[in-house]
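Here the structure is laid out as structure tokens; the discussion comes afterwards.
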Amino acid sequence: MSEDRPVKVILEQEDGYAFRIRFEGDALEPLLGDEPPPLGEGRGPDPARLLLAAIANCLSASLVFALRKYKNQPGAVRAEITAAPVRNPEGRWRIPQAEVEIQLAEGEEAHQHLERILEQFEQFCIVTQSVREGIDVGVTVRDAHGNVLLGDRSFEAGA
């Protein structure tokens, strides 16, 4: 990811609650996201699972990067993230916490500077740190004619 341009993801409703997710600027195949039954058909990961996957993926990649930065040669890393959605006081589902477990392929003796790596790798994970600090999400809703029905915030890179 480049720090000098915004990240853009485009979602287009396929049917029901299924959305085709495209990642602008990449040659990646679109991904299908869908709500589980009874709301959707469960044909793809739902938004909560995508969020959890992003957190675990980012932490794992940050750990691998940090290990390699200190000239370690880590084997395949495995991560597992678990979260239990709960209802807030208004009765809406939220994910108040998540637990991530990352397993290295080797014993700690196989890595140099492991204590230092473990102290700092999380700080380099853009997703986890953004979620921890909170993300201000502006919402604009437009009709087919471009009329603003809700909001009018524009995202500006670097703002």
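Yes/no matrix, rows are residues, columns are (1) charged (D, E, K, R); (2) modelled with pLDDT under 95; (3) outside the structural domain of GLN120 (by TED's automatic domain parsing); (4) in a loop (DSSP other than H, G, I, E, B):
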residue	(1), (2), (3), (4)
LEU11	no, no, yes, no
GLU41	yes, no, yes, yes
ALA54	no, no, no, no
LEU59	no, no, no, no
ALA76	no, no, no, yes
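Give me the pairs: first residue in the range 44-59 and touching a residue at least 40 places away in the same chain (Cβ under 8 Å), second residue in a helix (DSSP H, G or I) and of a type in the set (S, T, N, Q), beta-carbon distance under 8 Å, and six or more apart or on different chains, which are they?
ILE55/THR128; CYS58/THR128; LEU59/THR128
Residue check: is GLU99 outside any loop (DSSP other than H, G, I, E, B), loosely packed, with under 14 Cβ neighbours inside 10 Å, touching an Asp or Glu at 6+ places or on another chain (Cβ under 9 Å) and not β-branched (Val, Ile, Thr)?
Yes; evaluated as a whole, the condition is true for this residue.
Restricting the search to the range 78-96, which residues are part of a loop (DSSP other than H, G, I, E, B) and either in contact with an Asp or Glu (Cβ under 7 Å, 6 or more places away or on another chain) or under 21 Å from ASP34 (Cα atoms) (or both)?
Those that are part of a loop (DSSP other than H, G, I, E, B) and either in contact with an Asp or Glu (Cβ under 7 Å, 6 or more places away or on another chain) or under 21 Å from ASP34 (Cα atoms) (or both): ALA84, PRO85, ARG92, ILE95.
Give the residues of the range 121-150 that are among the charged types (D, E, K, R), surrounded by 10 or more Cβ atoms within 10 Å (Cβ to Cβ) and within 30 Å of LEU67 (Cα to Cα), sorted by residue number.
If the condition is that a residue be among the charged types (D, E, K, R), surrounded by 10 or more Cβ atoms within 10 Å (Cβ to Cβ) and within 30 Å of LEU67 (Cα to Cα), then GLU122, ARG132 are the ones that fit.
Which condition from (1) farther than 21 Å from ARG5 by Cα; (2) modelled with pLDDT under 95 is the one that ASN72 breaks?
Of everything listed in (1) farther than 21 Å from ARG5 by Cα; (2) modelled with pLDDT under 95, ASN72 misses just condition (2).
Checking LEU67 against (1) touching a Pro at 6+ places or on another chain (Cβ under 6 Å); (2) not assigned by TED's automatic domain parsing to the domain that holds GLN103, only one condition comes out false. Which one?
Condition (2) is where LEU67 drops out.
Quick one: how many residues across the range 115-140 are among the hydrophobic types (A, V, I, L, M, F, W, C), more than 28 Å from VAL86 (Cα to Cα) and either free of Cβ contacts under 8 Å to residues at least 40 places away in the same chain or in a loop (DSSP other than H, G, I, E, B) (or both)?
Counting residues in the range 115-140 that are among the hydrophobic types (A, V, I, L, M, F, W, C), more than 28 Å from VAL86 (Cα to Cα) and either free of Cβ contacts under 8 Å to residues at least 40 places away in the same chain or in a loop (DSSP other than H, G, I, E, B) (or both) gives 1.
If I ask for residues that are touching a strand residue (DSSP E or B) at 6+ places or on another chain (Cβ under 6 Å), farther than 18 Å from LEU11 by Cα and not aliphatic (A, V, I, L, M), which ones from the range 30-77 would you list?
Correct list: SER60 only.
Take the range 13-24 and flag every residue that is outside any strand (DSSP E or B) and either among the basic types (Lys, Arg) or surrounded by 13 or more Cβ atoms within 10 Å (Cβ to Cβ) (or both).
Selection gives TYR17 alone.
If I filter the range 85-109 down to residues being small (Gly, Ala, Ser) and either touching a residue at least 12 places away in the same chain (Cβ under 8 Å) or not assigned by TED's automatic domain parsing to the domain that holds VAL131 (or both), which single residue comes out as nearest to CYS58 (Cα to Cα)?
Selected residue: ALA98.
Looking only at the range 13-32, how many residues end up being modelled with pLDDT under 95 and of a type in the set (Lys, Arg)?
Summing the residues that are modelled with pLDDT under 95 and of a type in the set (Lys, Arg) in the range 13-32 gives 0.
The values are calculated or read from the model by the stated rules, or taken from the named source; none is laboratory data. Model, not experiment: these values are computed from the prediction. Cβ coordinates were reconstructed from backbone atoms using ideal geometry, including for glycine residues, and neighbour counts include every protein chain displayed.
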